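Student: Got a structure for you, written out below as structure tokens; questions coming shortly.
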Amino acid sequence: MTQFWKPGTAKPRLLDDEEGGVLFYSATPSSSHSYGYASLENQRQRLPVFKYRTSILYLVETHSTTVIVGETGSGKTTQIPQYLKEAGWADGGHIIACTQPRRLAVQSVAARVAEEMGVKLGEEVGYTIRFEDVTNSDLTKIKFLTDGVLLREMMDDPLLSKYSVIMVDEAHERSLSTDILLGLLKKIQRRRPELRLIIASATIEAKSMAAFFQIRKRRPRLEGEDSGLRTEPAVLSVEGRGYNVQIFYVEEPVSDYLRATVSTVLSIHDKEPMGDILVFLTGQDDIDTAVQLITEEAQNSGKSSLGLIVLPLYSGLTRADQDLVFSPSPRGKRKVVISTNIAETSLTLEGIVYVVDSGFSKQRFYNPITDIENLVVAPISKASARQRAGRAGRIRPGKCYRLYTEDYFVNEMSSHGIPEMQRSNLVSSVIQLKALGIDNILGFDWPASPSSESMVRALEVLYSLGVLDDDAKLTSPVGFQVAELPLDPMISKMIIASDQLGCSEEIITVSAVLSVQSIWISVKGQRELDEAKLRFAAAEGDHVTFLNVYKGFLQSNKSSKWCHKNFINYHAMKKVLEVREQLRRIAQRLGLDLKSCENDTQVLRKAVTAGFFANACRLEPYSHNGMYKTVRSSQEVYIHPSSVLFRVNPKWVIYNSLVSTDRQYMRNVISIEPSWLREAAPHFYQQQPMNANRH
Ligand code: CDP
Ligand code: MG
């Protein structure tokens, strides 16, 4: 294997300017030695945020909004909610909320805080993520939740009246839900000045955040002002306690970052003193591949395989796998954690001394002109690169290996990322705002305004889905029903359509499958998985295939052995059962009839079309390589190799999502009849020449 990157030959460079060499404050070296043995209480008091406990409580007491900036690992997420509780903010039946953009982070920090407080998770400390509520309405005082879940809670409780303090964490990530949440919280605060907000973030975007919450001069007096509560935001910066991190760059650009990752990790393991390695890759696929390659190569190279523990970290891991990542490496062993962006700021791993940064992450991109949104492996920003490097300086001076050149970092990397709001399809957001009674969406106070094209596209799709009427108000009942379901509006619409078509049992199963990560186990040889898939493959496409898997799983009596034999992820299937039950309950509440269509796949596909008509594609006539074009905007797309329709290439298909690598690939594909499109969405397709041979 080619060594793309050679530590040791590349001149180590220690930068010391703001381009990011010495990223961290120097620290008192004594603190790390006994770290592993310190009691939890001791550990709590050593966190940088502890010194600010009194100031934080004072600011929260006296200000409606407090912006807190502090290095990752300084204790913001785990400590501040506890301080608030200790100070009485959860008395009188109130709850302290802390939001996170990521589900895995929610689960993990909640577990940690419960442990620190010595309580059972789900009682005094609980968490809620979509489809998983581990709280107790009588007992829970500190609640961790995703920002998306808090948005949903507003539908039932528009002023979020049960919360005394809401800490919006990881605000620097500028996730779509975080930004919408911030906009809405600002509104809520005008009606409920006693509600305290804490905006916590890892990087210095404090100014713009504070400016957003700055209430303009000319305004009616707020109730809170009379009580001495200050309405202008306070800003507090928590001084970090990291060690220096030495940065290495590759000399030449690497062409294959996966290979480069593998060789870098092995060479660190060979040459560098003990200390865990954290690798940043982009998603489950490349992480699983890297875990496999590193494990294999380490075994092949003999002695060095001893002492290497290679672990993945991405959302959708089971609890047990998460625990492995967080538990300290056994003596004499070196842990290699291969992670998505989640370890950049959301989660702190303790023993990391080396970081390998691929320079990429998976990001959502939406193009309003083509109306295409997909997940793209895209270069990270300088701000992210610095955060990643910083993970190496937690317990002692560390090293960060960047798989890109210094020239690239300095001259080409953008300094900050673009808020997700400005690179997302806004269909979900618009419907949520509408459901919350916000009619003037263009005039909404966004922390970062989305483009008007995206907004218009979203309104158009929602209109075609029958969710909005001519006055851009939610329709009754469809609009309200779609908003009520905690799913992508297209999936929700598919479920509602299935009611009339008499296939809601099946469509709810499909929706549950689409809501879990993947029901297939990624395996060594793709061939084995392909063969396993063939056992379930349906000519109509992936959705019907999912139903076959589900049936097989039920027939096996939900056996884990059966799953294993068929390369199906048992935990994912259990999750499917759970989600399915929840969706059935919601559907019943919405007054839908739960009916089965038995084996009528035509009505099933019609229901899919009713939700996903906007994603229709047509096989290019005379195409030799399976090229499709989207009906909407004539974009070139291909069926993803993981689909059962790969190489089958029916003439007309609908996809669930797109991923972009070398090409735009359609994931989860089903074949349809073109006439169904106009039936499902006459407005949307009125001008499309459905049957003409276009080139
Ligand atoms: O939020 P921030 O990045 O400022 O720090 P934090 O997440 O509150 O982490 C504070 C400390 O708790 C760190 O030392 C983490 O390693 C530790 N922690 C942990 O051991 N297990 C978790 N699941 C979460 C945090
Ligand atoms: Mg945090």
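Student: Please work out if Leu433 is open to solvent by less than 40 Å² (accessible area, probe 1.4 Å) and of a type in the set (A, V, I, L, M).
Tutor: yes
Student: Anything in the range 70-92 that is away from ligand 1 (no atom under 15 Å from the Cβ) and either at pLDDT 95 or above or closer than 22 Å to Gly148 by Cβ (or both)? List them, or say none.
Tutor: Answer for the range 70-92, where residues must be away from ligand 1 (no atom under 15 Å from the Cβ) and either at pLDDT 95 or above or closer than 22 Å to Gly148 by Cβ (or both): Glu86, Ala87, Gly88, Trp89, Ala90, Asp91.
Student: Considering the range 276-309 alone, what residues qualify as being farther than 29 Å from Val376 by Cβ and at pLDDT 95 or above?
Tutor: Across the range 276-309, the qualifying residue is only Asp276.
Student: Turning to a different aspect of this structure: Can you run down the residue pairs with Cβ atoms below 8 Å, 6 or more apart or on separate chains, where the first is in the range 69-91 and free of Cβ contacts under 8 Å to residues at least 12 places away in the same chain and at positive phi and the partner is more than 8 Å from ligand 2 (Cβ to nearest atom) and open to solvent by less than 20 Å² (accessible area, probe 1.4 Å)?
Tutor: none
Student: Quick one: which residue in Glu296, Glu272, Glu251 is farther than 18 Å from Tyr354 by Cβ and either open to solvent by less than 10 Å² (accessible area, probe 1.4 Å) or in contact (Cβ under 8 Å) with a residue 24 or more places away in the chain (or both)?
Tutor: None of the others qualify; the one that does is Glu251.
Student: Same structure, new question: Have a look at Val149, Val67, Val109, Val60 and point out the one that is within 12 Å of ligand 1 (Cβ to nearest atom) and buried (at least 19 other Cβ atoms within 10 Å of the Cβ).
Tutor: Step by step, each of Val149, Val67, Val109, Val60 is checked, and only Val109 is within 12 Å of ligand 1 (Cβ to nearest atom) and buried (at least 19 other Cβ atoms within 10 Å of the Cβ).
Student: Next question. Please indicate, with yes or no, whether at least one residue in the range 160-169 is at pLDDT 95 or above, of a type in the set (Phe, Trp, Tyr) and farther than 13 Å from Gln100 by Cβ.
Tutor: Taking every residue of the range 160-169 in turn, at least one turns out to be at pLDDT 95 or above, of a type in the set (Phe, Trp, Tyr) and farther than 13 Å from Gln100 by Cβ.
Student: Okay, moving on. Quick check, is Pro486 open to solvent by 10 Å² or more (accessible area, probe 1.4 Å), part of a loop (DSSP other than H, G, I, E, B), at pLDDT below 95 and more than 30 Å from Ser208 (Cα to Cα)?
Tutor: So Pro486 passes the test.
Student: Considering every residue within the range 329-337, establish whether at least one is under 16 Å from the mean Cα position of the chain (by Cα) and away from ligand 1 (no atom under 14 Å from the Cβ).
Tutor: Within the range 329-337, none of the residues are under 16 Å from the mean Cα position of the chain (by Cα) and away from ligand 1 (no atom under 14 Å from the Cβ).
Student: Is it the case that Ile654 is touching a strand residue (DSSP E or B) at 6+ places or on another chain (Cβ under 8 Å), surrounded by 14 or more Cβ atoms within 10 Å (Cβ to Cβ) and free of Cβ contacts under 8 Å to residues at least 40 places away in the same chain?
Tutor: So Ile654 does not fit the description; no.
Student: Right, something else. Out of everything in the range 355-370 that is assigned to a strand (DSSP E or B) and β-branched (Val, Ile, Thr), what residue ends up being farthest from ligand 2 (Cβ to nearest atom)?
Tutor: Going through the qualifying residues, I end up with Val356.
Student: Quickly run through the range 17-57 and pick out the residues that are at pLDDT 50 or above, open to solvent by less than 50 Å² (accessible area, probe 1.4 Å) and part of a loop (DSSP other than H, G, I, E, B).
Tutor: Ala38, Leu47
Student: I've got another one for you. Part of a helix (DSSP H, G or I), touching a Phe, Trp or Tyr at 6+ places or on another chain (Cβ under 9 Å) and either of a type in the set (A, V, I, L, M) or open to solvent by 20 Å² or more (accessible area, probe 1.4 Å) (or both) - does that describe any residue in the range 461-472?
Tutor: Yes, that holds for at least one residue.
Student: Then there is this: Can you pull out the residues in the range 500-525 that are touching a residue at least 12 places away in the same chain (Cβ under 8 Å) and more than 16 Å from Arg580 (Cβ to Cβ)?
Tutor: If the condition is that a residue be touching a residue at least 12 places away in the same chain (Cβ under 8 Å) and more than 16 Å from Arg580 (Cβ to Cβ), then Leu501, Gly502, Ser518, Trp520, Ile521, Ser522, Val523, Lys524 are the ones that fit.
Student: Moving on. Can you confirm whether the range 70-90 contains a residue that is part of a strand (DSSP E or B), away from ligand 2 (no atom under 14 Å from the Cβ) and either within 15 Å of Glu124 (Cα to Cα) or touching a Leu at 6+ places or on another chain (Cβ under 7 Å) (or both)?
Tutor: Within the range 70-90 (the criterion being part of a strand (DSSP E or B), away from ligand 2 (no atom under 14 Å from the Cβ) and either within 15 Å of Glu124 (Cα to Cα) or touching a Leu at 6+ places or on another chain (Cβ under 7 Å) (or both)), the answer is no, since none of the residues qualifies.
Residues checked against (1) of a type outside the set (Gly, Ala, Ser); (2) touching a residue at least 12 places away in the same chain (Cβ under 8 Å):
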site	(1), (2)
Thr340	yes, yes
Ser361	no, yes
Arg364	yes, yes
Asn367	yes, no
Val377	yes, yes
Ala383	no, yes
Ala389	no, yes
Gly393	no, yes
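Student: Moving on to the next point. Looking at (1) within 16 Å of ligand 1 (Cβ to nearest atom); (2) in a helix (DSSP H, G or I); (3) open to solvent by 10 Å² or more (accessible area, probe 1.4 Å), which is the only condition Glu350 fails?
Tutor: Looking at each condition in turn, Glu350 falls short on (2).
Student: Search the range 319-347 for residues being more than 20 Å from Ala290 (Cα to Cα) and part of a loop (DSSP other than H, G, I, E, B), and hand back the single one that is farthest from ligand 2 (Cβ to nearest atom).
Tutor: The residue in question is Gly332.
Student: Criterion first (within 18 Å of His269 (Cα to Cα), hydrophobic (A, V, I, L, M, F, W, C) and within 16 Å of ligand 2 (Cβ to nearest atom)) does Ile352 satisfy it?
Tutor: So Ile352 fits the description; yes.
Student: Looking at Glu373, is it farther than 23 Å from Leu293 by Cα, within 16 Å of ligand 2 (Cβ to nearest atom) and surrounded by fewer than 24 Cβ atoms within 10 Å (Cβ to Cβ)?
Tutor: So Glu373 fails the test.
Student: Related question: For the range 498-512: of the residues being over 28 Å from the mean Cα position of the chain (by Cα) and hydrophobic (A, V, I, L, M, F, W, C), which is farthest from Pro477 (Cα to Cα)?
Tutor: Cys503
Student: Can you tell me which residue in the range 629-651 is least open to solvent (accessible area, probe 1.4 Å), limited to those that are assigned to a loop (DSSP other than H, G, I, E, B) and among the β-branched types (Val, Ile, Thr)?
Tutor: That would be Val631.
Student: Here's something else I'd like to know. Return the residues of the range 201-216 that are aliphatic (A, V, I, L, M) and closer than 21 Å to Ser449 by Cα; say none if nothing qualifies.
Tutor: Ile204, Ala206, Met209, Ala210, Ala211, Ile215
Student: Across the range 469-479, what is the total count of residues that are touching a residue at least 40 places away in the same chain (Cβ under 8 Å) and over 20 Å from Val456 (Cα atoms)?
Tutor: 1
The values are calculated or read from the model by the stated rules, or taken from the named source; none is laboratory data. These figures come from a predicted structure and were not determined experimentally. Neighbour counts run over all protein chains shown; Cβ positions are idealised from the backbone, glycine included. These accessible areas exclude ligands, DNA and RNA; they are computed on the full protein's heavy atoms, side chains included. Shrake-Rupley method; radii C 1.70, N 1.55, O 1.52, S 1.80 Å.
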